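Laboratory data are not the source of any read-out in this text; all were calculated from the coordinates shown. Bear in mind the structure is a predicted one, so any value in this text is a computation, not a measurement. Positions of Cβ are backbone-derived with ideal geometry, glycine not excepted, and every protein chain shown enters the neighbour counts.
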């Protein structure tokens, strides 16, 4: 009977969870600051990025999905106009890139789990705090999904 050898995980799982939590906190701070500056044109850009993200996921274009998701979230840093937040994000986001790729190639995505529509709805309603909570939760949830996949594959 063949033995199963789990695929080695290319990162330290506790550090990965911490990276997702830290990125989520930075993203939430940027979203709070950006919410006061969001215009209808900004919402249109965010909606287009979300549509591209969803189409890429539906087509199985993982790299494109990650790029559109990254651009969606990066838009909040641009709108926040806070150089310190942007520099902090630029330091941590490369750490997440490899983990995102690993996660996106192993998870079957359910479109109902996409946090972007809820974030957009909160922004349209003028509820920057709710948008920030959803952004932070999306990163925390991604870290937990990553952990769950790693733990399942280790069995």
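Given a Förster distance of 25 Å, report the FRET efficiency between residue 114 and residue 39 from their Cβ-Cβ distance, rounded to the nearest 0.05. The value I calculate is 0.65.
On a 0 to 90° scale, report how tilted helix 40-59 is relative to the longest principal axis of the chain, with both axes built from alpha carbons and the result rounded to the nearest 10. Between helix and principal axis, roughly 20 degrees. Rg over Rh for region 10-50 works out to 1.19, both radii taken from alpha-carbon positions and Rh defined as the Kirkwood radius. Counting every other Cβ atom within 10 Å of each residue's Cβ, 20, 76 order from fewest to most as 20, 76. Helix 62-80 and the longest principal axis of the Cα set of the chain meet at an angle near 30°. Overall size of region 13-153 from C-alpha positions, given as principal axis extents largest first: 43, 32, 21 Å.
With a simple spin-label model that places each label point 7 Å from the Cα along the Cα-to-Cβ direction, the separation between residue 58 and residue 18 comes to 4.0 nm.
Taking the longest Cα principal axis of the chain as reference, the axis of helix 83-104 is set at about 40 degrees. In the chain, the DSSP-assigned H stretches of four residues or longer account for a calculated mean residue ellipticity at 222 nm of -26500 deg cm²/dmol, using -39500 (n - 2.57) per stretch and the full residue count as denominator. Consider a paramagnetic label point 7 Å from the Cα of residue 84 along Cα→Cβ; state which residues of region 36-59 have an amide N under 19 Å from it. Inside the label zone: 36. Residues 119, 92, ranked from the fewest to the most other C-beta atoms within 10 Å, line up as 92, 119.
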